[in-house]
Each structure stands twice: as structure tokens, then as C-alpha cells.
2 protein chains.
Amino acid sequence: MSNVKLTVAFDGTGYQGWQVQPGARTVQGALIEAVAKVTGAKPVIHGSGRTDAGVHARALVANFQTDSRIPASQLVKALNASLPRDIRVLSASRVPDSFHARISAKSKIYRYQVYRGAVMPPHLAREFYHYPYPIDLESVRHGIRILPGEHDFASFAAKSGKVERVPGSPAQDRNTIRTLFRAEIRVSGKQLIFTFEGSGFLHHMVRNMVGTLLELGRARFTLPQFSELLQKRDRTLAGSTAPAHGLVLWKVKYR
Amino acid sequence: MSNVKLTVAFDGTGYQGWQVQPGARTVQGALIEAVAKVTGAKPVIHGSGRTDAGVHARALVANFQTDSRIPASQLVKALNASLPRDIRVLSASRVPDSFHARISAKSKIYRYQVYRGAVMPPHLAREFYHYPYPIDLESVRHGIRILPGEHDFASFAAKSGKVERVPGSPAQDRNTIRTLFRAEIRVSGKQLIFTFEGSGFLHHMVRNMVGTLLELGRARFTLPQFSELLQKRDRTLAGSTAPAHGLVLWKVKYR
């Protein structure tokens with residue numbers, strides 16, 4: 001047996017997210033099928049984390065155990081030949097048995113992409129959230145500076161209470177404390193690009209932070225109110241959830 | 001009656017090109033329908049030029065005469081509300097009666113987008129031609145320098161002999177002399193971006209120039225052979241036609 005690490009990019013438009021679900025088209029499901037076809041055995045595939053329906057990835061990481069001795073470079077070609085075009089294996093490599101795509105992850109980087117122009121250009125429509133409203137960018141910049149650090153992010157958790165596990169933590173973990181290493185905003189013409197790097201993220205956390213920051217920019221919150229949000233740990237106080245299609249899992253870092 | 005100018009962007013993936021054809025989904029057809037719905041009268045819409053099936057546009061220009069007094073800004077919203085999402089009217093304005101989207105055009109800019117990496121990232125797949133072969137970029141750069149100027153581009157015309165009319169020339173015009181103002185290549189990571197600006201283009205001209213330049217980069221032509229191509233005015237000597245989906249009508253300039 002050997003442990004194989006894959007880096008995977010996908011356009012999430014046509015998928016019900018990462019995780020296998022009966023009767024749904026998922027990225028993990030498509031990968032399991034492709035690996036089974038290429039290696040002859042149905043694998044257990046671990047992903048670096050779940051992504052919601054419609055969320056994209058430039059470089060999600062996954063791993064699986066296999067008996068197959070197919071060289072890694074051939075594996076990339078063979079998997080891509082049997083995967084749909086909106087999922088691509090960018091690279092494959094054999095890694096030590098101790099490597100686990102989720103548990104070994106040190107940090108994840110997400111981007112959230114917003115388009116502010118009046119009319120959404122078709123070539124951006126799949127990956128950008130159209131937000132053609134006046135925004136006070138300075139307020140957003142002030143707000144985003146509050147976020148990095150170790151905090152209880154309960155205010156930005158999904159209402160459903162589903163929580164993504166912290167890498168390395170037990171499966172039962174339901175705490176909402178996370179460490180955000182970096183939270184940035186970059187303006188490029190009519191594009192607004194948010195970047196978040198963290199040890200782990202709660203379900204909907206990035207989309208809720210972005211939705212709330214945009215509402216801060218529209219003066220639906222004051223800066224002190226925004227700051228209080230984090231402390232109050234109450235999801236009902238935060239702003240709306242930005243839509244899935246603007247979110248891109250950008251990179252996963254390992255030790 | 002007033003003359004309305006539209007700037008239109010579209011993802012050409014799902015269209016049989018610009019020009020109305022019976023039974024086919026075309027961009028011109030979709031615009032005619034939308035304008036008819038908004039103004040109550042079926043318009044004659046002139047485009048800055050035809051685009052082939054699968055070709056994209058960031059800013060194609062069109063114009064039509066209308067009795068409607070709807071303000072231009074409302075027209076943008078109303079048209080986009082009835083157009084499919086992969087076609088967007090970016091702007092509308094009233095222009096002098098003398099303005100004609102094709103005849104008044106001074107130059108057109110096309111981009112051709114190539115991706116050279118081994119695996120095509122899904123987010124680029126719609127607009128980039130996947131060309132994962134070793135290319136001698138210096139050869140391509142030398143070749144492209146030969147192209148600007150007034151030349152008989154017959155060697156780069158479509159085999160079918162269909163020719164796009166020169167702006168301002170009579171409909172019967174079938175000459176293959178065109179003026180290319182600019183032909184450039186830019187490298188950005190694994191992306192290769194060709195830019196061509198000209199007074200007008202023959203059918204398939206950009207795609208044939210790119211196909212031939214890429215083959216020059218792979219040493220299927222020498223530089224002297226490439227240079228002779230232009231002079232020989234014989235389509236059978238040139239390289240292959242690069243696929244439509246890498247081509248983007250980028251801009252149309254007017255006096």
C-alpha cells in the first residue's frame with residue numbers, strides 16, 4: 001500500500017460540494033469513481049476539508065491509500081482522462097503514510113471574489129459575487145483588521161450549527177474557536193478580492209464574514225457594532241451569508 | 001427615430017456565433033429578441049463584425065434604430081433583464097445617425113489566449129486554448145514581428161474563402177488586403193496572450209495566424225518559411241487554425 005496525495009482544482013458550479021452524498025453529484029464522488037477506474041479498487045479519499053455546493057477550488061488537497069504501482073505522473077493523466085473537465089487533478093505524489101489531507105493541514109487559504117460594476121461581465125459570472133452597490137471601502141478595511149487572531153468565531157458560524165473540525169482535533173469537537181492568520185482585501189478595478197488564511201474555518205465562516213463586511217461597507221453596521229459581533233458570539237447579530245459561487249478554496253498548506 | 005449604440009460582452013460557448021441563422025442560437029438573434037421585447041419593435045441590429053461559433057467578446061459594438069424614447073441607462077437594465085446571463089449589454093448611448101457599428105469602426109482588437117501548462121485549470125477552460133507543448137518563444141516573437149503593416153493576408157484567410165468586409169468598403173469587396181496595426185505576444189506564467197489590432201480581419205485570420213505562429217514555435221516552420229507565407233498568399237501553406245474558444249473580440253475603436 002502507498003499513500004497518494006492529489007492536488008485538485010474544480011469549477012464547483014455543477015456540484016453539490018465536496019462530500020459524497022447519495023444521489024448527488026459531488027467532487028469527492030467523482031474522484032472516488034475515477035480512482036476506482038484507474039486503480040481497480042474503490043478508495044477511501046480524504047479531502048483537506050468540505051466545500052459547500054457551488055464553491056470552487058484552485059488547489060484542494062486529497063489523499064488515498066492504494067495498492068496500485070502506477071507512477072504518479074501517469075496517475076495524473078489517467079485520472080484526468082476519466083474525470084469530467086470541470087474537475088482536474090493538477091498533481092499527484094506518493095507521500096509518507098502519516099500524511100492526511102485534513103489532519104496534516106497547517107492552514108487553508110480562501111479567496112472570496114466580488115464584482116462591483118453595474119453589469120456583470122459573463123466571463124466573471126461563475127466565480128464572482130455581483131454586488132453593484134456603493135461601498136465605503138475604508139470601513140471594510142477597518143473592519144477586516146479586527147478579524148485576524150485566535151477568536152471564538154461563533155457569530156460567523158452557520159446558523160445550522162454545523163462546524164468543520166479543526167485539523168488534528170477529535171471528531172466530536174464542536175468548539176467555535178479558530179485562528180485566523182490573515183484577512184486582507186485587495187481592490188483591482190471593479191473587483192474586490194478578500195483573502196483569508198486560517199488554521200480551520202467554521203461552516204459558512206468565510207461567507208458570513210464577507211457578507212457582514214459588505215454590510216459594514218454599506219453602513220448597516222458601525223465599526224464598534226462590527227467589533228462587538230465577534231465578542232458576542234451570536235450568529236443572529238451578523239450580516240447575511242455571501243453566496244457560494246464567489247468563494248474559492250485557494251490553497252492548503254502543510255508542515 | 002434615434003440611433004442607439006450598444007457595447008456587448010458575451011461568453012460564446014453556447015452560441016453559433018454572432019450572426020442570425022435560422023434555427024441556431026446566435027448573439028445577434030438574442031439581442032434582436034431582447035430589443036423587440038423592450039421597445040416593442042423588431043430592430044435591424046448592425047454588429048461591428050461577425051464572430052464565429054464559440055468565439056467570445058468583451059466589448060462587441062452594435063447599433064440599431066428605434067422609435068423608443070427609453071433612456072439609455074434604463075435600456076441597459078431592461079435589455080439585461082431579458083437577455084440570457086451569458087450575454088450582457090455593458091452600456092448603451094444615443095449616437096448620431098451616421099454611426100454604423102461596422103462601417104464606422106476604425107480598428108478592432110482581438111486577443112487569443114493560450115494555456116501552456118500540462119493540466120488545464122477548469123476556471124480557464126472556456127477561454128483558453130490548451131497547448132501543453134514545448135514552444136520556442138523567441139521564434140514566435142520573431143515571427144509575430146513580421147505581421148504588422150498593410151499586407152495581402154490571403155495565406156491566413158479561411159479555406160472556405162469567406163471574407164469579412166473592410167469597414168467602409170462595398171459589400172462585393174473580396175480583396176484580402178488588410179492593415180494590421182499591432183501584433184503582440186505577452187507571457188504571464190503559463191498563459192500566452194496574443195493581441196492583434198487591425199482595420200479589419202479576414203475570416204479565421206486571427207486563428208490562422210495564431211495556429212501558424214504556434215507551429216513556428218514548435219519548429220514546424222522556419223522563420224524564412226513563415227516570412228514567405230505572407231508573400232505567397234496561399235492558404236494551403238499556413239499552419240492549422242487555432243480553435244475558436246481561445247479567441248476574444250476585445251475592443252472596437254471608433255473615430
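The values are calculated or read from the model by the stated rules, or taken from the named source; none is laboratory data. Every value quoted in this text rests on a predicted model; they were computed, and no experiment measured them. All Cβ positions, glycine included, derive from the backbone under ideal geometry; neighbour counts span all protein chains shown. The area values use the complete protein model at the heavy-atom level, side chains included, leaving out ligands, DNA and RNA. Shrake-Rupley method; radii C 1.70, N 1.55, O 1.52, S 1.80 Å.
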Legend entry - Filtered residues of the stretch A:1-44 (kept if open to solvent by less than 40 Å² (accessible area, probe 1.4 Å), farther than 23 Å from A:G198 by Cβ and not in a helix (DSSP H, G or I)): A:S2, A:N3, A:V4, A:D11, A:Y15, A:A24, A:T26, A:P43
Inset, instruction - Return yes or no: is A:S155 at the interface with chain B (Cβ under 10 Å from one of its Cβ atoms), in contact (Cβ under 8 Å) with a residue 12 or more places away in the chain and of a type in the set (S, T, N, Q)? - result: no
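How about the stretch B:187-220: which of its residues are open to solvent by 20 Å² or more (accessible area, probe 1.4 Å), part of a strand (DSSP E or B) and closer than 26 Å to B:S48 by Cα? Can you show your working first?
Narrowing the stretch B:187-220 to residues open to solvent by 20 Å² or more (accessible area, probe 1.4 Å): B:187-191, B:195, B:199, B:203-204, B:207, B:215, B:218-220.
From what's left, part of a strand (DSSP E or B): B:187-188, B:191, B:195.
If the condition is that a residue be open to solvent by 20 Å² or more (accessible area, probe 1.4 Å), part of a strand (DSSP E or B) and closer than 26 Å to B:S48 by Cα, then B:T195 is the only one that fits.
State whether the residues of the stretch B:86-96 include one that is modelled with pLDDT of 95 or more and in a loop (DSSP other than H, G, I, E, B). Full working, then the answer.
Applying the first criterion (modelled with pLDDT of 95 or more) to the stretch B:86-96 yields B:86-96.
Keeping just the survivors that are in a loop (DSSP other than H, G, I, E, B) gives B:86, B:96.
So far as the stretch B:86-96 goes, yes, one or more of its residues are modelled with pLDDT of 95 or more and in a loop (DSSP other than H, G, I, E, B).
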Legend entry - Qualifying residues in the stretch B:162-179 (those that are modelled with pLDDT of 90 or more and within 17 Å of B:S104 (Cα to Cα)) - the one least open to solvent (accessible area, probe 1.4 Å): B:R178
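If a residue has to be within 14 Å of chain A (Cβ to nearest Cβ) and either crowded, with 22+ Cβ neighbours inside 10 Å or under 17 Å from B:E33 (Cα atoms) (or both) to count, how many in the stretch B:52-67 make the cut? Break it down stepwise before answering.
Just the residues of the stretch B:52-67 that are within 14 Å of chain A (Cβ to nearest Cβ), to begin with: B:54-60.
When the remaining residues are screened for being either crowded, with 22+ Cβ neighbours inside 10 Å or under 17 Å from B:E33 (Cα atoms) (or both), the result is B:55-57, B:60.
The total comes to 4.
If you scan the stretch A:9-51, which residues turn out to be among the polar types (S, T, N, Q) and either touching a residue at least 60 places away in the same chain (Cβ under 8 Å) or within 13 Å of chain B (Cβ to nearest Cβ) (or both)? Can you show your working first?
Restricting attention to the stretch A:9-51, the residues satisfying the condition of being among the polar types (S, T, N, Q) are A:13, A:16, A:19, A:21, A:26, A:28, A:39, A:48, A:51.
Hits for the stretch A:9-51 are A:T13, A:S48, A:T51.
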Inset, instruction - Collect the residues in the stretch B:131-150 that are surrounded by fewer than 18 Cβ atoms within 10 Å (Cβ to Cβ) and either over 28 Å from B:A9 (Cβ atoms) or within 14 Å of chain A (Cβ to nearest Cβ) (or both), keeping them in residue-number order. - result: B:P132, B:Y133, B:P134, B:D136, B:L137, B:E138, B:R141, B:H142, B:R145, B:I146, B:G149, B:E150
Legend entry - Matching residues, the stretch B:72-126, being within 14 Å of chain A (Cβ to nearest Cβ), open to solvent by less than 30 Å² (accessible area, probe 1.4 Å) and among the hydroxyl-bearing types (S, T, Y): B:Y115
